[in-house]
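Undergrad: Encoded as structure tokens, here's the structure I'll be asking about.
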Amino acid sequence: MCGIVGYIGGSNAVNAVVEGLHRLEYRGYDSAGITFLEDRELKTIKDKGRVAHLVDMIPPEIFSEVAIGHTRWATHGKPSHENAHPHHDCGGTISVVHNGIIENYILLKELLIKEGHKFVSETDTEVIAHLIEKYYEGSIVLEQAVKMAIDSLEGTYGLVVLSSKEPDKIIAARRASPIILGVGDKENFVASDATAIVKYTKKIIYLEDGELAVLTRNDIRIFNQRNIKVDKKISSITWDEKHTSKDGYPHFMLKEIHEQPGSFHNTLAGHIDAEEGTAHLGGMDNLFPGNSIHRIRRIVILGCGTSWHAGLLGEYYLERLTGIPTEVEYASEFRYRTPSIDEDTFVIALSQSGETADTMAAIKEAKNRGAKVFGIVNVIGSSVSREVNQGLYIHVGPEIGVASTKAFLSQAAALFLIALYIGRKKIVSYKEGMEYIAELEKLEDKLRAVLAGTEKKVKELAEKYASYPSFLYLGRGLNFPIALEGALKLKEISYIHAEGYPAGEMKHGPIALIDKNFPAFFVAPGDEIFEKSLSNIQEIKARDGKIIILTDEGSVIPEKLADDIIRIPATIEVFYPFLEIIPLQLFAYYIAVKKDRDVDKPRNLAKSVTVE
Ligand code: M6R
């Protein structure tokens, strides 16, 4: 979604901001723009289209010591030159970039128009520039005018403001849309996402809701909602530039698929208790001191998209290992029902980015109702990680491809750890716990074996099947969430229609779709329902459907039943999903490549969905 970057210091701010905008491209956007200082006046260049197009419009000789930039993902008004950020006041002396949604912008715009302000865009953001203009008079300095303006706003914002009257400062403010500040040596940075500035500094400050920051080249001052100056901790980013490069792969998505053995290892690191056959989870110890874990009556898992699919695996794990009733909810729907949540409900929120607005809103709702909320998050210091009561980082490093891959596997692993942690205090025996741990420790090698053993075959199958217009992905039990996730991967990056369905439900409707042009991708390892899965496959075969089966190396598939078979190493039933997902990610990836899609930045999608 929208991205923000700003720089103030002694180097060329235009270069730093353009570099930052390139690094924010992965978030998904449709327009880009920059404001810098030229002959003591603000100069803005912006348009719909890619950052590369913006760069073509910037004169190469430009040098400015301050600049702000933006990548826009349209909400209010279509992608166009006028709607692209930065936006300005009437006098062109104030420039604003903004992420989030101003809910009362229509009312504010009407009032400002009555007062004589002239608007040129359809966006909600433009009201912020005019509001600042309204208050920015006499002895009022920029930060005061920005504060007065944001006090009138309803909705969400991460915003950055520059004025030609005080070009020695940048103002930043946040309410429910992330803003981080980068601390440099005689230079400072602001961004919506650390990826934009990691090349320049690893020292960052997270702005909290209600805070406003004044950045100059030499210092950063931060004020809370009551205008009191606050001291903030400087955090260090632990990942480096290598994590944000393709490292020789043609796409980030392929790189991230291949990173999975290592990222899975990082998720488990420090959390395995091989003596007691359980998981070490400091966050769970803090959340449930003493025997209080036995008070949990219900577990609710919240997430969106791929995180929701990981949540479905968590539902199986938690019910199987703890016996506690568990449900998975779409975070986007949760607030609009009357969820039965109380202080004996344990809520787990899943988010790779930690910035998903729907998930944030659902967490707040659950907390309001008295639940304890545990977060499973990738991005350190993100909004979700700071909102939840306790949590666990999955430590997979930056995930740049819009299609989530390595985060899904690690979210599932983290949910298994939580299930094992609670389960060992309830119904899982020491022996059973030790068996799980023993197999978990073998999985990193098995993940490597899946990559080495399936990629070539999957690539060939992608060539063979790329022209089909629709796919069904089918699985039973733990394989059903994998079918859903396989279908989501295919549709989001190849734009082919794909549906995930529980294999046993086929005969209740979707089987009507089956003919020789409608391939069905079965996820059917040798688990306790393998025979039932085979019966469902026969049902498709009898109707001339094309069949691809993903199974393990030992399972016997009747002759001529499948058109194609992909085999993965054997494991115990609960861990098959970890191995199964890789061939499905690769299948979607290679089909998208064959169809010449923009794999890492699929159309209409954003990596971090910060609007509800
Ligand atoms: O960052 P989050 O995990 O909260 O994101 C949730 C979804 O937006 C995300 O998983 C989305 O579905 C991905 N594009 C899937 O590949």
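The values are calculated or read from the model by the stated rules, or taken from the named source; none is laboratory data. The shown structure was predicted, so the numbers you read here are calculated from the model rather than taken from an experiment. Note: ideal-geometry Cβ built from the backbone for every residue, glycine included; neighbour counts use all protein chains shown. Quick note on the areas: whole protein, heavy atoms, side chains included, nothing else; ligands and nucleic acids left out. Shrake-Rupley method; radii C 1.70, N 1.55, O 1.52, S 1.80 Å.
Undergrad: Under 7 Å between Cβ atoms, at least 6 apart or on separate chains: pull out the pairs that start in segment 411-437 with a residue that is within 16 Å of the ligand (Cβ to nearest atom) and end on any residue that is open to solvent by 10 Å² or more (accessible area, probe 1.4 Å) and not in a helix (DSSP H, G or I).
TA: From residues that are within 16 Å of the ligand (Cβ to nearest atom), the pairs are Ala414/Leu392.
Undergrad: Need pairs with beta-carbon distance below 9 Å; first residue in the same structural domain as Val384 (by TED's automatic domain parsing) and within segment 301-320, second of a type in the set (S, T, N, Q) and more than 10 Å from the ligand (Cβ to nearest atom); sequence gap 6+ or separate chains.
TA: Ile301/Thr326; Ala310/Ser410; Gly314/Thr326; Glu315/Thr326; Tyr316/Thr326; Tyr317/Thr326; Leu318/Thr326; Glu319/Thr326
Undergrad: Based on what the data block shows, is Val141 surrounded by fewer than 18 Cβ atoms within 10 Å (Cβ to Cβ) and either free of Cβ contacts under 8 Å to residues at least 40 places away in the same chain or under 30 Å from Phe252 (Cα atoms) (or both)? Before you say what the answer is, go through the steps one by one.
TA: Working: surrounded by fewer than 18 Cβ atoms within 10 Å (Cβ to Cβ): yes; either free of Cβ contacts under 8 Å to residues at least 40 places away in the same chain or under 30 Å from Phe252 (Cα atoms) (or both): yes.
For Val141, the condition - surrounded by fewer than 18 Cβ atoms within 10 Å (Cβ to Cβ) and either free of Cβ contacts under 8 Å to residues at least 40 places away in the same chain or under 30 Å from Phe252 (Cα atoms) (or both) - is met.
Undergrad: Hey, another quick one. Please go through segment 410-436 and give me each residue that is within 23 Å of the chain's Cα centre (by Cα) and among the polar types (S, T, N, Q), ordered by number. I'd like the intermediate steps shown before the answer.
TA: Filtering segment 410-436 down to residues within 23 Å of the chain's Cα centre (by Cα) leaves 410-418.
Correct list: Ser410, Gln411.
Every residue, every condition in (1) part of a loop (DSSP other than H, G, I, E, B); (2) out of contact with any strand residue (DSSP E or B) (no Cβ under 8 Å at 6 or more places or on another chain), yes or no:
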site	(1), (2)
Leu21	no, no
Lys43	no, no
Lys46	no, no
Glu61	yes, yes
Thr71	no, no
Thr75	yes, yes
Lys78	yes, yes
Ala84	yes, no
Val97	no, no
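Undergrad: Looking only at segment 327-347, filter to residues that are open to solvent by 70 Å² or more (accessible area, probe 1.4 Å) and within 16 Å of the ligand (Cβ to nearest atom); which one of those is nearest to Tyr421 (Cα to Cα)?
TA: Out of the qualifying residues, it is Tyr330.
Undergrad: Quickly run through segment 65-88 and pick out the residues that are more than 14 Å from Val5 (Cβ to Cβ) and open to solvent by less than 10 Å² (accessible area, probe 1.4 Å).
TA: We begin by selecting, within segment 65-88, every residue more than 14 Å from Val5 (Cβ to Cβ); these are 65, 73-84, 87-88.
Scanning segment 65-88 gives Asn83, Ala84, His87.
Undergrad: Would you check which residues across segment 148-164 are assigned to a loop (DSSP other than H, G, I, E, B) and under 12 Å from Ala176 (Cβ atoms) and list them? Reasoning before the result, please.
TA: Going residue by residue through segment 148-164, those that are assigned to a loop (DSSP other than H, G, I, E, B) are 152-154, 156, 164.
Result: Leu153, Glu154, Thr156.
Undergrad: So which of Ala361, Ala366 ends up being assigned to a helix (DSSP H, G or I) and open to solvent by 10 Å² or more (accessible area, probe 1.4 Å)? Don't jump to the end; show me each part of the working.
TA: On the way: Ala366 fails: open to solvent by 10 Å² or more (accessible area, probe 1.4 Å).
Being assigned to a helix (DSSP H, G or I) and open to solvent by 10 Å² or more (accessible area, probe 1.4 Å) holds for just one of Ala361, Ala366, which is Ala361.
Undergrad: Within segment 586-602, is there a residue that is free of Cβ contacts under 8 Å to residues at least 12 places away in the same chain, in a loop (DSSP other than H, G, I, E, B), over 21 Å from Ala483 (Cα atoms) and within 16 Å of the ligand (Cβ to nearest atom)? Write out each step before concluding.
TA: If we filter segment 586-602 for residues that are free of Cβ contacts under 8 Å to residues at least 12 places away in the same chain, which is where we start, we get 596, 598.
From what's left, in a loop (DSSP other than H, G, I, E, B): 596, 598.
The next check asks that each one be over 21 Å from Ala483 (Cα atoms); those that pass are 596, 598.
Checking which are within 16 Å of the ligand (Cβ to nearest atom) leaves us with 598.
Yes, segment 586-602 contains a residue that is free of Cβ contacts under 8 Å to residues at least 12 places away in the same chain, in a loop (DSSP other than H, G, I, E, B), over 21 Å from Ala483 (Cα atoms) and within 16 Å of the ligand (Cβ to nearest atom).
Undergrad: So Lys406 passes all but one of these: (1) under 25 Å from Asp596 (Cα atoms); (2) open to solvent by less than 10 Å² (accessible area, probe 1.4 Å); (3) away from the ligand (no atom under 16 Å from the Cβ). Which condition number does it fail?
TA: (3)
Undergrad: Among all residue pairs at least 6 apart or on different chains, which show Cβ distances below 7 Å where the first residue, located in segment 542-559, is closer than 17 Å to Leu474 by Cα and the second is among the hydroxyl-bearing types (Ser, Thr, Tyr) and surrounded by 15 or more Cβ atoms within 10 Å (Cβ to Cβ)?
TA: Pairs found: Ile557/Thr551.
Undergrad: Same structure again: How many residues are in a helix (DSSP H, G or I) and either open to solvent by 10 Å² or more (accessible area, probe 1.4 Å) or away from the ligand (no atom under 16 Å from the Cβ) (or both) if we restrict to segment 293-326?
TA: Going through segment 293-326, the residues in a helix (DSSP H, G or I) turn out to be 293-295, 305-322.
Filter again for either open to solvent by 10 Å² or more (accessible area, probe 1.4 Å) or away from the ligand (no atom under 16 Å from the Cβ) (or both), leaving 293-295, 305-309, 312, 315-322.
The total comes to 17.
Undergrad: Please go through segment 169-211 and pick out each residue that is of a type outside the set (Val, Ile, Thr) and under 14 Å from His98 (Cα atoms).
TA: Going through segment 169-211, the residues of a type outside the set (Val, Ile, Thr) turn out to be 169, 172-178, 181-182, 184-189, 191-194, 196, 199-200, 202-203, 206-211.
If the condition is that a residue be of a type outside the set (Val, Ile, Thr) and under 14 Å from His98 (Cα atoms), then Ala172, Ala173, Arg174, Arg175, Ala176, Ser177, Pro178, Ala191, Ser192, Asp193 are the ones that fit.
Undergrad: Here is a further query. How many residues are in contact with a Gly (Cβ under 8 Å, 6 or more places away or on another chain) and either in a strand (DSSP E or B) or surrounded by fewer than 12 Cβ atoms within 10 Å (Cβ to Cβ) (or both) when one looks only at segment 206-262?
TA: Counting residues in segment 206-262 that are in contact with a Gly (Cβ under 8 Å, 6 or more places away or on another chain) and either in a strand (DSSP E or B) or surrounded by fewer than 12 Cβ atoms within 10 Å (Cβ to Cβ) (or both) gives 3.
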